[in-house]
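The structure appears right after this line, and notes come after that.
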Amino acid sequence: MSKIQNRERLRDGNGFKAVKNNLGIILSLLVLCILLTFATEHFLTTRNILNVLLQISTNGMIAFGMTYVILLGGIDLSVGSVVALSGTISMALMARSNWPLVPALLIGVVIGLAVGVINGLLITKVKMPAFIVTLAMMNITRGLALIMTSGKPIYVQDERLLIIGNGKFLDVIPLQIIYMLIIFLILFCVLNYTRYGKHLYATGGNIEAARFSGINVDSVRIIAYVISGVVSGIAGVMTAARLYSALPTMGEGAEMDAIAAVVLGGTMMTGGSGTLGGTLIGTLIIGVMNNGLNLLGVNSYWQDVAKGIIIIFAIVVDIIKNKKKQ
């Protein structure tokens, strides 16, 4: 159990520990912001900072759920397609069937929950590899979104949807940022202050030791995929609300952005250690980097190159850490 206990220390249950565990990436974020402040006068403005936070809100939500899955040593490639399917179904119910706003949005979240349950059951009960299951689900859900829309947007005219998607708190802070922070706080508390959070770290650190200690590891893993699915469903309906429409292409590449944020935030791909605070900072770094490249006029294609390099670099660091521990 010592391995589990050692890995459990790499959590961010209090402020001091959170800063200590994430000191390296916090400094990286600060250095990046300082460089961009000198490189362009448009970076360090209130309008641009809020724009960065708005741009990362969807990726942040998805990445928080992805953190739970990667802490188990798993992966969820279906999150981007779930964003599309959830948003598409919600908007279709409102536009084509005249469903009330709230039930239609809830159905979109339920779709995400259902996908998470299916992923979790196939991985734990049928013993299929997480990569294969979620890759297949990525294609299934994206295909369903395309079938429902025939490849065309679904537009919704509803003033309440306008407020939900583009409203501002105190007429300053976009509500999308508030949604992201609420999800972060909920998942942060679950991960750091509940029995489930302890079981999640234990299962990710050593699944056999966790099983022998009496933890229902299958339930822990299923719940993690359900959380990932639900959060992706929320991201889907919130994205559709912000666009006043559902596009079958919503969420394309979101899984890579989420994985990049999680591994950049210090969560080990092998599972067992990592922090949700680190994921938040990783999301901020990617958002700031993308924004900075745009302000500097760098071709957007280079952003994908940068994300790929970040993922490879983070995994290499992960491997080196594992070797040192062994």
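Here, each number is a calculation from the coordinates, and none is a lab measurement. Predicted model, so just to flag it, every value in this text is computed and none were measured. Neighbour counts are summed over all protein chains in view; Cβ atoms, including those assigned to glycine, are modelled from backbone coordinates with ideal geometry.
What value, in deg cm²/dmol to 500, does the helix sum -39500 (n - 2.57) over DSSP H runs of n ≥ 4 give at 222 nm once divided by the residues of the chain?
Calculated at 222 nm, the ellipticity per residue is -25500 deg cm²/dmol.
Nearest 20 debye, what's the magnitude of the dipole of segment 221-326 about its Cα centre given +1 on Lys and Arg Cβ and -1 on Asp and Glu Cβ?
460 debye
Hey, what did the chain get for relative contact order, percent, Cα under 8 Å, at least 6 apart?
The value is 34 percent.
Of the listed peptides 78-84, 35-41, what is their order by residue-averaged count of other C-beta atoms within 10 Å, with the highest listed first?
The most tightly packed comes first, giving 78-84, 35-41.
Can you work out ³J(HN,Hα) from phi for every residue in segment 177-188, in order, using Karplus 6.51 cos²θ - 1.76 cosθ + 1.60 and θ = phi - 60°, giving whole Hz and x for Gly and Pro?
Running phi through 6.51 cos²θ - 1.76 cosθ + 1.60 with θ = phi - 60° gives 5, 4, 4, 4, 5, 5, 4, 4, 5, 5, 5, 4 Hz.
Can you list the HN-Hα couplings for segment 122-135, worked out from phi with the Karplus curve (6.51, -1.76, 1.60; θ = phi - 60°), rounded to whole Hz and with x for Gly and Pro?
5, 6, 8, 8, 8, 6, 7, x, 4, 4, 5, 4, 6, 5
Please identify the longest segment of the chain free of exposed trypsin sites (Lys or Arg not before Pro), where exposed means a DSSP state other than H, G, I, E or B and no more than 12 other Cβ atoms within 10 Å.
It works out to 128-326.
Between (1) 25.1; (2) 15.6; (3) 17.0, which entry matches mean projected area of the Cα convex hull in nm² as derived from the coordinates of this structure?
Step by step, mean projected area of the Cα convex hull in nm² for this structure corresponds to label (3).
Could you list Thr67, Thr46 in order of exposure, starting from the residue whose Cβ has the fewest other Cβ atoms within 10 Å?
In order of increasing Cβ crowding within 10 Å: Thr46, Thr67.
Quick one: what are the phi-derived ³J(HN,Hα) couplings along segment 163-169, Karplus 6.51/-1.76/1.60 with θ = phi - 60°, whole Hz, x for glycine and proline?
5, 4, x, 10, x, 10, 7
On a full-extension model of 0.36 nm per residue, what is the gain between Val110 and Ile34, subtracting their alpha-carbon distance, rounded to one decimal in nm?
Fully extending the segment from Val110 to Ile34 adds 23.2 nm.
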